[in-house]
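First up is the structure itself, then whatever we jot down about it.
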Amino acid sequence: MPLEIRLDDVSVADTRALVTAHVSGMLENTPPESCHALDADALVDKGALLWSARVDGELAGIGALSPFGADAGELKSMRVTDRFLGKGIGRAILRHIVAEARERGIRSLWLETGSGDDFAAARGLYASEGFVECAPFGSYRPDPLSTFMTREI
């Protein structure tokens, strides 16, 4: 399966649609006060870099990196389309973002994800790639519906 991961922009129709679907999906499982997914405009406002993964030109997934301090970054908007779930796309995007972050001088990565069963696969992926649970960071506050993770790179 030929996979191409490239820097993208939220003005591209299918990319923007997947960001929108990601936010909607998060709100289906999480009350608004505990949902930290950013819509397309908020990603731009936060200065996030967004990558898309495509298989034969078809959008398979996205992932973003938002600046967090001088030498840290926060993973945002990790999403794989239903058609490509279970095919290693999420792991490929995550590894790509880690490599890009390292090249940009970022020394640590942080993320917030859900703590419920619906997010077990995401937590498992992050843990398998060296992320460990940590306390809330930045403007996050303790929330039983959130799991916070970090790793040095």
Rounded if a/c under 1.5, otherwise prolate or oblate - region 1-42, Cα gyration tensor axes
prolate
Of Met78, Ala127, Gly25, which is farthest towards the positive pole of region 3-152's charge dipole, taken about the Cα centre with +1 and -1 on the beta-carbons of Lys, Arg and Asp, Glu respectively?
Ala127
Just check region 16-104 against the gyration tensor rule for me: Cα atoms, a ≥ b ≥ c as the square roots of the eigenvalues, rounded for a/c under 1.5, and otherwise prolate or oblate depending on whether a/b exceeds b/c.
oblate
Estimated 222 nm signal from helices in the chain, with DSSP H stretches of n ≥ 4 weighted -39500 (n - 2.57), rounded to 500:
-9500 deg cm²/dmol
Give me the Kirkwood hydrodynamic radius of the chain in Å, from all C-alpha pairs, to one decimal place?
15.5
Shape descriptors of region 75-153 over alpha-carbon atoms, Rg and Dmax in angstrom, are 12.7, 34
Which FRET efficiency value, to the nearest 0.05, is calculated for Cys134 and Arg91 with the Förster distance at 25 angstrom and r the Cβ-Cβ distance?
0.75
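We did not get these values from a lab; they are worked out from the coordinates using the rules stated. Since the model is a prediction, treat every value here as computed from it, not as a measurement. Please note: Cβ atoms are built from the backbone with ideal geometry, for glycine as well, and neighbour counts cover all protein chains shown.
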